[in-house]
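One structure is given here, and the rest of the page talks about it.
The values are calculated or read from the model by the stated rules, or taken from the named source; none is laboratory data. Just so we're clear, the structure is a prediction, and the values are computed from it rather than from any experiment. Reconstructed Cβ throughout: ideal geometry from the backbone, glycine too, with neighbour counts over all protein chains shown.
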Amino acid sequence: MAKVLVTGGTGKTGSRVASLLRENSMPVRVASRHPASDATSQFFDWTQKDTWPSALDGVTSAYLVAPTGGDPARIMSEFVSAAKEAGVQRFVLLSASQAPRGGPAMGKVHQLLYDGDAEWAVLRPSWFMQNFSGSLHLKTILEENRIYSAAADGRVRFIDAQDIAACAVAALTSATPLNSDVVLTGPEAISFSEVAGFIGDAAGRTITYERLTAAELKAMHEARGLNTFVATILAQMDEGLASGAESQVTEGVQQLTGRSPRPFSEFTAENAGVWKL
Ligand SMILES: NC(=O)c1ccc[n+]([C@@H]2O[C@H](COP(=O)([O-])OP(=O)(O)OC[C@H]3O[C@@H](n4cnc5c(N)ncnc54)[C@H](OP(=O)(O)O)[C@@H]3O)[C@@H](O)[C@H]2O)c1
């Protein structure tokens, strides 16, 4: 049976893609720099090419999650070539709603798949709900009862990583390849005030949304150890939310999975324990 390589296997979407494939009894190889100690997980580092051949051995399709830090385009393009030579026939790339084909970073990998002869799909999700249950916002929620953003009253079509994973599995396993990109969103666009309300209700205490300017948010990211380049990009992306850059919902999840995406209220109810003190 076809074996699926899942890169980013310890991450928000990759771990869920691997679980869903296992639930469907699909052979899977889960790759990352911190693999679990089971037979289907293995060490893989995008930046160490000697880890590629064993990751690709016997694989016919691959879920691609970019390495963190730096521009991933060159290394991912080289990997796609190596994977095709090793027999991989289908690629599903995790990109982002704001990363169009031909643009920088993942946009270049998207272009490569579009121009190539392999089967492909590019998933372009909006912002993940899991940013509030993980690193980006969890610390300030737990330590200050606050969520910081430069989004003003901008509404965001947050998506659950579980829905992205379900779309990835559909794109990896469908009889006919998608050979297209799809923008994935949650079912509604909500403001950061509403986000704070949902999380506060789940946590059982008041969580406040603190509006920052982009300059203040950049300074905050830098104070928390991010380099200036990353801090600037993150602050600019937040500022873009104010003008509605992430406010239009799409039918992408419904099209790929046949069901509606999960609302934010379901995510907070399910993860309430994460925000409790
Ligand atoms: N978070 C969002 O709101 C959002 C929205 C739209 C698009 N995206 C896109 O989604 C992708 C994932 O972002 P995320 O923040 O959610 O991260 P994530 O998938 O939760 O974590 C990154 C994963 O990549 C692995 N990884 C990182 N560097 C690696 C390397 N050099 N070699 C092998 N594996 C490596 C990590 O595992 P190890 O550390 O174990 O190696 C981890 O499994 C990014 O491309 C991002 O642009 C994110």
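Listed values, structure above:
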item: Failed item in (1) within 21 Å of the chain's Cα centre (by Cα); (2) part of a helix (DSSP H, G or I); (3) under 19 Å from residue 265 (Cα atoms), with residue 169 passing the rest; result: (3)
item: Index of the failed condition, residue 93 passing every other in (1) within 28 Å of residue 249 (Cβ to Cβ); (2) assigned to a loop (DSSP other than H, G, I, E, B); (3) out of contact with any Gly (no Cβ under 7 Å at 6 or more places or on another chain); (4) of a type in the set (A, V, I, L, M); result: (2)
item: Near pairs, Cβ below 7 angstrom, 6+ apart or cross-chain, from segment 45-60 (outside any loop (DSSP other than H, G, I, E, B)) to any residue that is of a type outside the set (S, T, N, Q) and at pLDDT below 95; result: 60/2
item: Filter result for residue 4 (part of a loop (DSSP other than H, G, I, E, B) and touching a residue at least 40 places away in the same chain (Cβ under 8 Å)); result: no
item: Residues of segment 52-70 that turn out to be near the ligand (Cβ under 9 Å from one of its atoms), small (Gly, Ala, Ser) and modelled with pLDDT of 95 or more, as a count; result: 1
item: Evaluation of residue 193 against (1) outside any strand (DSSP E or B); (2) under 23 Å from residue 106 (Cβ atoms); (3) in contact (Cβ under 8 Å) with a residue 40 or more places away in the chain; (4) not aliphatic (A, V, I, L, M) (one fails), failing number; result: (2)
item: Residue check for residue 248: under 18 Å from residue 123 (Cα atoms), in contact (Cβ under 8 Å) with a residue 60 or more places away in the chain and polar (S, T, N, Q); result: yes
item: Residues located in segment 159-190, provided they are more than 17 Å from residue 132 (Cα to Cα), touching a residue at least 40 places away in the same chain (Cβ under 8 Å) and of a type in the set (Ser, Thr, Tyr); result: 173, 180
item: Of residues in segment 118-142 being assigned to a loop (DSSP other than H, G, I, E, B) and polar (S, T, N, Q), the one farthest from the ligand (Cβ to nearest atom); result: 133
item: Residue in segment 42-51 that is under 14 Å from residue 172 (Cβ atoms) and either modelled with pLDDT under 95 or surrounded by fewer than 23 Cβ atoms within 10 Å (Cβ to Cβ) (or both) present; result: no
item: Residue in segment 242-257 that is assigned to a loop (DSSP other than H, G, I, E, B) and under 17 Å from residue 140 (Cβ atoms) present; result: no
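Condition check ((1) within 13 Å of the ligand (Cβ to nearest atom); (2) modelled with pLDDT of 95 or more; (3) closer than 16 Å to residue 234 by Cβ) across all residues:
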| residue | (1), (2), (3) |
| --- | --- |
| 72 | yes, no, no |
| 79 | yes, yes, no |
| 95 | yes, yes, no |
| 110 | yes, yes, no |
| 116 | no, yes, no |
| 144 | no, yes, no |
